[in-house]
Amino acid sequence: MSKDNLFSPFNIKNRVLKNRMGVAPMTRMSSINDSIPRQDVLEFLVRRAENGAAIVYTEAIVTDYESAQGYPGQARMLTQRQIDAWKPVVKAIQDKGAVAIMQMFHCGRIAWQEINPANRVIAPSPIRPKQNNRLTGKPYPLPDEMTTFDIDHVITGFVETAKGAVAAGFDGIEIHGAHGYLINSFLSAYANQRTDAYGGTIENRFRFAKEVIQAVHHVVPEDRLLTFRISNWGVVDMEVSLFDSKEEWQELIKLLSKQPIDAISVSTYRYKDKAFGTDQDMARITRDATDLPLMICGQIFDRTHAEDALTNADIVLSAKSMLLNPNWVEDVRSGKELPLYRREDANVAYTDQPLP
Ligand SMILES: Cc1cc2nc3c(=O)[nH]c(=O)nc-3n(C[C@H](O)[C@H](O)[C@H](O)COP(=O)(O)O)c2cc1C
């Protein structure tokens with residue numbers, strides 16, 4: 001890998017990324033009014049674009065008013081007011097030379113039912129996470145097993161939210177299929193014990209994700225990007241490997257690669273960790289199963305690690321370093337010694353303290 005790879009351009013379909021470094025999606029829980037983030041939270045994204053990030057992901061945008069919201073203060077992209085609030089932000093990110101992508105999600109069983117207007121919790125199967133909700137200190141609610149009506153309804157939420165992103169001018173849309181949330185929980189047998197067409201074999205478990213992708217693709221114009229984020233871990237029951245083997249993961253990546261998506265974003269807890277009992281990391285294992293552009297994330301905090309992470313991926317995303325160090329891209333460029341931030345350091349993301 002040549003030394004300049006990190007700062008060389010990269011094409012995803014018709015979009016040119018000016019370098020290989022991006023802002024990972026980060027929920028900030030600041031949307032107190034009308035599901036619109038606080039102004040300083042929006043401006044933070046523009047600043048990261050200004051300071052050199054090539055691609056900027058939004059926080060996970062909630063796809064409906066029924067059961068999708070998993071954290072207080074999450075944003076939506078379903079009303080004209082919400083769209084209008086994002087329009088100037090998207091334009092400013094683009095004016096700074098970065099690509100803006102809206103991530104969207106449904107929380108599934110990692111839910112907080114009281115904050116959803118319809119007070120409902122749904123998942124592929126009625127199984128609650130083993131861990132308590134860290135924010136409430138209480139067990140997660142027992143989800144309703146999704147009916148086919150629920151499945152259609154949730155897909156409509158993804159479609160409407162994607163339309164909102166298109167109207168707001170985003171370069172692309174990401175479907176959040178990682179971290180144990182709804183789509184991820186269909187993919188993994190850990191939380192999907194359905195006996196219908198959405199459970200059992202890997203093809204069946206993939207069906208819901210496929211239907212979401214297909215429906216969203218239908219409303220995303222050809223000149224915009226569609227990316228999919230996936231992980232082998234969840235934010236609850238974190239120690240569990242959600243997929244059984246390298247072979248199962250690669251089969252899933254191959255199914256995903258046949259869909260009309262433009263990139264796969266793999267989220268890891270630590271990009272260097274060997275996966276599935278092999279001597280390979282997640283990027284290597286994924287790369288061997290797909291030709292799509294590949295993004296990798298997880299404890300990539302300085303130049304050495306960023307370059308190393310690009311061995312088997314095309315783009316590195318950072319959450320905590322982008323959050324806490326406004327000059328991260330330039331500091332990486334200069335090869336400065338940089339800290340590995342801890343999870344607790346990121347708690348500032350959820351305060352009302354504006355970040356530099
Ligand atoms: C404050 C915060 C909020 C996050 N919110 C999201 C999110 O909305 N969607 C998502 O896919 N990942 C989310 N993540 C996970 C990050 O995108 C990333 O995968 C993870 O933090 C590991 O990257 P890092 O080691 O560079 O921090 C969040 C992480 C942090 C620190």
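The values are calculated or read from the model by the stated rules, or taken from the named source; none is laboratory data. Quick caveat: nothing in here was measured; it's all calculated off a predicted structure. Here Cβ is always computed from backbone atoms with ideal geometry, including for glycine, and neighbour counts include all displayed protein chains. Areas reflect the complete protein model, heavy atoms only, side chains present, ligands, DNA and RNA absent. Shrake-Rupley method; radii C 1.70, N 1.55, O 1.52, S 1.80 Å.
Quick check on residue 242: is it of a type in the set (A, V, I, L, M), in a helix (DSSP H, G or I) and within 26 Å of residue 108 (Cα to Cα)? So residue 242 fails the test. Would you pick out the residues in the range 92-112 that are more than 16 Å from the ligand (Cβ to nearest atom) and either without any contact (Cβ under 8 Å) to a residue 40 or more places away in the chain or of a type in the set (Phe, Trp, Tyr) (or both)? The one that is more than 16 Å from the ligand (Cβ to nearest atom) and either without any contact (Cβ under 8 Å) to a residue 40 or more places away in the chain or of a type in the set (Phe, Trp, Tyr) (or both): 95.
For the range 218-249, the set of residues classified as under 19 Å from residue 261 (Cα atoms) and in contact with a strand residue (DSSP E or B) (Cβ under 6 Å, 6 or more places away or on another chain) consists of 220, 224, 225, 226, 227, 228, 229, 230, 231, listed by residue number. The residue that is nearest to the ligand (Cβ to nearest atom), among those in the range 28-46 that are in a loop (DSSP other than H, G, I, E, B) and open to solvent by less than 30 Å² (accessible area, probe 1.4 Å), is 28.
Quick check: anything in the range 247-262 farther than 28 Å from residue 169 by Cβ, assigned to a loop (DSSP other than H, G, I, E, B) and of a type in the set (A, V, I, L, M)? Checking the range 247-262: not a single residue is farther than 28 Å from residue 169 by Cβ, assigned to a loop (DSSP other than H, G, I, E, B) and of a type in the set (A, V, I, L, M). Taken together, 270, 333, 284, 303 contain a single residue that is within 18 Å of the chain's Cα centre (by Cα) and over 21 Å from residue 174 (Cβ atoms), which is 270. Taking the range 216-244 as the range and being small (Gly, Ala, Ser) and open to solvent by 30 Å² or more (accessible area, probe 1.4 Å) as the test, only 241 passes.
Inspect the range 152-170 for any residue being at pLDDT 95 or above, assigned to a loop (DSSP other than H, G, I, E, B), under 26 Å from residue 34 (Cα atoms) and open to solvent by 10 Å² or more (accessible area, probe 1.4 Å) and give the result as yes or no.
yes
Kindly indicate the residue of the range 177-186 that is open to solvent by less than 10 Å² (accessible area, probe 1.4 Å) and part of a strand (DSSP E or B) and also nearest to the ligand (Cβ to nearest atom) among those meeting that condition. Per the criteria, the residue is 178.
The set of residues from the range 202-239 being part of a helix (DSSP H, G or I) and charged (D, E, K, R) comprises 203, 205, 207, 210, 211. Scanning the range 272-284 for residues that are open to solvent by 10 Å² or more (accessible area, probe 1.4 Å) and within 15 Å of the ligand (Cβ to nearest atom) yields 272, 273, 281, 282. Among residues of the range 108-131 being outside any loop (DSSP other than H, G, I, E, B) and modelled with pLDDT of 95 or more, the one that is surrounded by the most Cβ atoms within 10 Å (Cβ to Cβ) is 123. With respect to (1) open to solvent by 10 Å² or more (accessible area, probe 1.4 Å); (2) free of Cβ contacts under 8 Å to residues at least 60 places away in the same chain, the lone exception for residue 213 is condition (1). Residues in the range 137-151 that are over 27 Å from residue 218 (Cα atoms) and either open to solvent by less than 10 Å² (accessible area, probe 1.4 Å) or of a type in the set (Gly, Ala, Ser) (or both): 137, 143.
Residues in the range 333-353 that are touching a helix residue (DSSP H, G or I) at 6+ places or on another chain (Cβ under 7 Å) and more than 11 Å from residue 28 (Cα to Cα): 333, 335, 338, 341, 345. Output yes when any residue across the range 306-324 is over 23 Å from residue 283 (Cβ atoms) and among the polar types (S, T, N, Q), and no when none is. Checked the range 306-324: no residue is over 23 Å from residue 283 (Cβ atoms) and among the polar types (S, T, N, Q).
For the range 1-27, taking the residues that are in a loop (DSSP other than H, G, I, E, B) and polar (S, T, N, Q), the one that is least open to solvent (accessible area, probe 1.4 Å) is identified as 19. Selection of the range 74-98 for residues being under 21 Å from the mean Cα position of the chain (by Cα) and within 21 Å of residue 154 (Cβ to Cβ) yields 74, 75, 76, 77, 78, 82, 83.
Meeting the requirement of 1 or more residues that are within 14 Å of the ligand (Cβ to nearest atom), farther than 18 Å from residue 8 by Cβ and open to solvent by 50 Å² or more (accessible area, probe 1.4 Å), the helices (runs of 4 or more DSSP H) wholly within the range 285-356 are 320-324.
Applying the set (1) farther than 28 Å from residue 266 by Cβ; (2) open to solvent by 10 Å² or more (accessible area, probe 1.4 Å) to residue 82 leaves exactly one unmet item: (2). One residue is enough: does the range 261-268 have a residue meeting the conditions open to solvent by 30 Å² or more (accessible area, probe 1.4 Å) and modelled with pLDDT of 95 or more? Taking every residue of the range 261-268 in turn, none turns out to be open to solvent by 30 Å² or more (accessible area, probe 1.4 Å) and modelled with pLDDT of 95 or more.
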